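Contents: one structure, followed by commentary.
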């Protein structure tokens with residue numbers, strides 16, 4: 001009996017010793033955390049300054065190139081001085097579907113083909129090969145307000161089969177682009193007009209700043225021709241002419257000093273509306289292409305959609 005009691009006391013004492021060790025360990029960890037918190041490198045503002053200093057000064061998102069296809073033609077050189085006058089009586093200025101070879105594109109919708117062609121043009125403008133963007137270090141941010149309307153309208157009216165059903169989703173365009181160029185990095189889809197495209201530029205910059213990508217593609221595609229009758233009924237939603245477009249900006253950098261947020265309309269926004277017409281989500285990317293063509297080192301692009309206007313600044 002005394003032996004059993006001794007064993008119990010020993011066991012109990014051993015348990016207390018273990019508990020005491022855990023208490024001391026917790027105290028040590030708390031002390032270490034308090035000490036670490038007092039170190040200057042743990043101050044958020046100083047850490048941000050340190051990161052910028054290592055980056056070599058003020059860090060911003062930079063545009064390597066913009067691929068632009070519109071109903072007026074390829075690039076900013078094809079844009080008229082006055083889109084409304086150039087359109088005449090046309091409410092919609094359609095974009096010619098690019099002839100892409102390959103069995104995989106046999107069932108692809110027109111908007112998918114336009115997205116693939118816009119990325120190809122952007123890589124060409126940026127001096128990048130397909131191999132340079134393939135893999136997990138390239139992010140893809142896609143935005144549209146209208147490009148998936150045509151496939152939905154066709155499917156509802158019975159023109160499509162179950163094989164075409166996947167193309168009714170907004171994700172169809174970036175999916176085709178990701179497959180074609182071997183993109184396996186971050187992937188974001190936004191639905192909306194010009195303000196959403198500004199959001200897309202910010203989202204791409206955020207992925208770059210977080211180190212989740214080395215390169216980001218911001219892609220916008222807008223088509224109207226197949227739904228011209230619907231747009232005519234809802235003509236209050238967008239001014240004429242509606243100009244089909246596909247645009248892609250290639251972004252690099254590691255900065256977040258973008259001035260992103262609400263803002264007044266920029267002069268670039270007015271210039272895009274005058275020269276390109278209404279391109280919805282493509283408008284901010286058209287603005288970047290115009291800024292680069294003019295040799296501007298920086299550009300503040302703005303966009304408005306359903307009463308909300310957003311702005312962002314990037315190096316061009």
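The values are calculated or read from the model by the stated rules, or taken from the named source; none is laboratory data. In this text the structure is predicted, and so the values were computed from the model without any measurement. Note that we place each Cβ from the backbone using ideal geometry, even for glycine, and neighbour counts take in every protein chain shown.
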Unique residue being more than 16 Å from residue 68 (Cα to Cα) and in contact (Cβ under 8 Å) with a residue 40 or more places away in the chain when the list is 302, 267, 279: 302
Could you figure out which of (1) out of contact with any strand residue (DSSP E or B) (no Cβ under 8 Å at 6 or more places or on another chain); (2) crowded, with 16+ Cβ neighbours inside 10 Å; (3) at pLDDT below 95 isn't true of residue 116? (3)
Among the residues of the stretch 197-223, write down those that are outside any strand (DSSP E or B), modelled with pLDDT of 95 or more and touching a helix residue (DSSP H, G or I) at 6+ places or on another chain (Cβ under 6 Å). 197, 198, 213
In this structure, is residue 274 assigned by TED's automatic domain parsing to the domain that holds residue 223, at pLDDT 95 or above, surrounded by fewer than 20 Cβ atoms within 10 Å (Cβ to Cβ) and in contact with a strand residue (DSSP E or B) (Cβ under 8 Å, 6 or more places away or on another chain)? no
Scan the stretch 84-101 and tell me whether some residue there is part of a helix (DSSP H, G or I) and within 13 Å of residue 179 (Cα to Cα). no
Could you please give the count of residues in the stretch 103-124 that are under 15 Å from residue 170 (Cβ atoms) and assigned to a helix (DSSP H, G or I)? 5
When you look at residue 285, is it under 19 Å from the mean Cα position of the chain (by Cα), in a strand (DSSP E or B) and modelled with pLDDT of 95 or more, yes or no? no
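I need a count of the residues in the stretch 172-196 that are in a strand (DSSP E or B) and under 22 Å from residue 272 (Cα atoms).
Residues flagged as in a strand (DSSP E or B) and under 22 Å from residue 272 (Cα atoms) within the stretch 172-196 amount to 2.
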